[in-house]
């Protein structure tokens, strides 16, 4: 009787897992979410949902990035709207470190060096003055998009535990695989909105 109960539980668990998996979006090999074209507002268990660029931008000239701090997600639309990406992110630790509004990508760097801001150094005097690009402990990961706001970046991270959490000193972090994809899609001049 115990074996039947365990097998029944295993069977029900597998069925529930299978049904749950059917409700989730597919993921491309690079880890980005792939949505069916007909699904305009479909939710998955992470509460990510596709958004329409027209609700946030007048146009998609140079591409558009929307960072939704509440859902901890970054949305990207290409200029011709043929490419849409949705990535999980890390967000700032606290409201006083958070910046909202419109900005643009003003620079792109592969393997960027990291320097803590003066405020970071004040809070954490033990931190190094610089971490060279390519170093395994570099907080900016393998790519960074520099925004028109001083000290603010969209960048990768080697510390994957930070994604999905309020864990940054003001920047928006992505998995390194995702920042490489986003880096390749964006250009200087891409418009960015943080809400």
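Before moving on, here are some points about what is shown:
- Single residue of region 140-162 satisfying the filter (modelled with pLDDT of 95 or more and part of a loop (DSSP other than H, G, I, E, B)) that is farthest from residue 98 (Cα to Cα): 142
- Some residue of region 125-138 being within 21 Å of residue 68 (Cβ to Cβ) and modelled with pLDDT of 95 or more: no
- If you go through region 107-152 and keep only what is surrounded by 14 or more Cβ atoms within 10 Å (Cβ to Cβ), closer than 21 Å to residue 187 by Cα and in contact (Cβ under 8 Å) with a residue 40 or more places away in the chain, you end up with 108, 112, 143, 145, 146, 147, 149, 152.
- When region 64-84 is limited to residues that are in contact (Cβ under 8 Å) with a residue 60 or more places away in the chain and in contact with a helix residue (DSSP H, G or I) (Cβ under 7 Å, 6 or more places away or on another chain), the one that is nearest to residue 156 (Cα to Cα) turns out to be 76.
- Which numbered condition residue 58 fails, given (1) modelled with pLDDT of 95 or more; (2) surrounded by 14 or more Cβ atoms within 10 Å (Cβ to Cβ): (2)
The values are calculated or read from the model by the stated rules, or taken from the named source; none is laboratory data. Model, not experiment: these values are computed from the prediction. Here the Cβ is made from the backbone with ideal geometry for all residues, glycine too, and neighbour counts use every protein chain on show.
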